[in-house]
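Computed from the coordinates by the stated procedures, all read-outs in this text should not be read as laboratory data. Bear in mind the structure is a predicted one, so any value in this text is a computation, not a measurement. All Cβ positions, glycine included, derive from the backbone under ideal geometry; neighbour counts span all protein chains shown.
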Amino acid sequence: MAVFDDLKQGLPAVAGPDTRLLILGSLPGEVSLARRQYYGHPQNQFWRLMGEVLDEPLAPLAYEDRLARLAARGVGLWDVVARARRQGSLDAALREAEANDLEAFVGGLPQLRAVGFNGGVSARIGQAALAGQAGRLALIPLPSSSPAFAGMSFAAKAERWKTLTRFARAPDTG
């Protein structure tokens, strides 16, 4: 019988000193971890939602180009969970979760103005971890972009996500 190791390790943060808006997920799912890409599952709506936020199509781009467009607009990505045990991809299956040090991380982002939490688990863990930053940062819970969260239409999700638009930098004009 094969030994199943269900310990999942998150991806490194994608952010820099000019990050104004940080999007925090929970922990990447199986497909994303296998691809080593944030929101790598083709049915995840994240890239379409961020395309709505930034008013530019991100979903058709190659992954590295998507990241470059986010960086150009001052948007960073990371997760609230550093590692956890989980079979499958659902947040409800997370066990023994070890949180990322969000307080220290956001302290190293001097231009940061807002943190968006992609889904309920991200919001619960992230808002508690960043409660001391609430006076400095807008902490914004968002409906999950996951294909598992089908209780809200894409249009309704997009309207909620568009609250992030004011925190992203204007598009490059050069």
Fill in the blank from the handout: Scaled by the rule-of-thumb 2.2 N^0.38 Å, the alpha carbon Rg for the stretch 32-75 gives a ratio of 1.07
Completion exercise
To the nearest 20 debye, the chain has a Cα-centred charge dipole, built from +1 on Lys and Arg Cβ and -1 on Asp and Glu Cβ, of 280
Fill in the blank from the handout: Here the FRET efficiency for Glu30 versus Ala68, based on Cβ atoms and R0 = 22 Å and rounded to 0.05, is 0.30
Completion exercise
FRET efficiency for Ser153 and Asp55 from the Cβ-Cβ distance with R0 = 22 Å, rounded to 0.05, comes out at 0.65
Practice task
Please work out, to two decimal places, the log10 of the ratio I(q)/I(0) at q = 0.08, 0.13, 0.18 Å⁻¹ from a Debye calculation in which every Cα of the chain carries one identical scatterer.
Solution key: -0.22, -0.60, -1.19
Exercise for the section: Send over the semi-axes of the stretch 100-142's equivalent ellipsoid, whole angstrom and largest first, taken as the square roots of 5 times the C-alpha gyration tensor eigenvalues. Expected result: 16, 11, 9
Fill in the blank from the handout: Here FRET efficiency (C-beta to C-beta, Ala104 to Leu7, R₀ 22 Å, nearest 0.05) is 0.45
